[in-house]
Amino acid sequence: MIKAAFIDRDGVLNRNVFYSDTGAYESPRTADDFEILPNVMEALRLLVNADYRLFLVSNQPNVAKAKSTIEDLKKTHEKLEMALVNSQIHFEEFYYCYHHPDSSVPGFGGPCECRKPSPYFLQKAEHDYQIDLNRSWMIGDRLTDIECGVAAGVKTVRITSGSLQEGIENNEHRATFSANNLLEAVKRIVAPIGADGMKAPAFPTSD
């Protein structure tokens, strides 16, 4: 069975963007707004070298909210893919949910089975790629990422250094552990083997 790292996009691989019209940090609406965060490619390479298969799992409702076009989302994704190609990093799949329950855009509204916190995409990867979810991780910056991972039965990391801080102070996220950024998270996931042959703990044990 294969182990996987399921990774959210915005706030983990790239910066969230502050938009004055909503007064909030959001997914980039255009490719021009898309910026990879520091040390992301190093973190992804560590995961690959530790035999993790990479999957992106991301809610992208900007079309559903009439903030972007499908072409905008396509160009933004192409910018991500180009950065990965240049760094020789391979993702098995890019799983995007484009729906939003409050959307009035035809084809993008109402309930769907793929929007996080649904574990749909993780379970799809389990089926399609024979992923061992017990040995896998979900890494994200939102509560919905952690809820998705918990529902799928994977271990979880909450990235806390970004602009999305809901639930952190009260430890509501139920993550296996929290980290300031992707590289910090990955270093703990792939903790090295010590001289005694024992793997260093990837996260603090609970009482």
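Criterion first (crowded, with 19+ Cβ neighbours inside 10 Å and either more than 22 Å from D33 (Cβ to Cβ) or touching a strand residue (DSSP E or B) at 6+ places or on another chain (Cβ under 8 Å) (or both)) does V63 satisfy it? Considered against the rule, which asks whether it is crowded, with 19+ Cβ neighbours inside 10 Å and either more than 22 Å from D33 (Cβ to Cβ) or touching a strand residue (DSSP E or B) at 6+ places or on another chain (Cβ under 8 Å) (or both), V63 comes out as no. Restricting the first member to the range 1-24 and to residues that are of a type in the set (S, T, Y), and the second to residues that are surrounded by fewer than 22 Cβ atoms within 10 Å (Cβ to Cβ) and in a strand (DSSP E or B), the beta-carbon pairs closer than 6 Å and six or more apart or on different chains are Y19/E26. Within the range 107-120, residues that are buried (at least 19 other Cβ atoms within 10 Å of the Cβ) reach partners that are of a type in the set (S, T, N, Q) with beta carbons closer than 6 Å, at six or more positions or on different chains, in the pairs R115/N59; K116/N59; K116/T144.
For the range 83-97, the set of residues classified as in a strand (DSSP E or B) and of a type in the set (G, A, S) is empty. If you filter the range 96-106 down to residues that are among the hydroxyl-bearing types (S, T, Y) and farther than 16 Å from D10 by Cβ, you find that the one that is surrounded by the most Cβ atoms within 10 Å (Cβ to Cβ) is S103. Residue check: is L80 within 15 Å of the chain's Cα centre (by Cα), buried (at least 17 other Cβ atoms within 10 Å of the Cβ) and either at pLDDT below 95 or over 22 Å from K155 (Cα atoms) (or both)? Here the answer is yes, as L80 does meet what is asked.
Restricting attention to the range 10-46, the residues that are aliphatic (A, V, I, L, M), modelled with pLDDT under 95 and either assigned to a loop (DSSP other than H, G, I, E, B) or under 19 Å from V85 (Cα atoms) (or both) total 0.
The values are calculated or read from the model by the stated rules, or taken from the named source; none is laboratory data. Computed from a prediction, not measured in an experiment: that's the story for all the values here. FYI the Cβ positions are ideal-geometry reconstructions off the backbone, even for glycines, and counts take in every protein chain you see.
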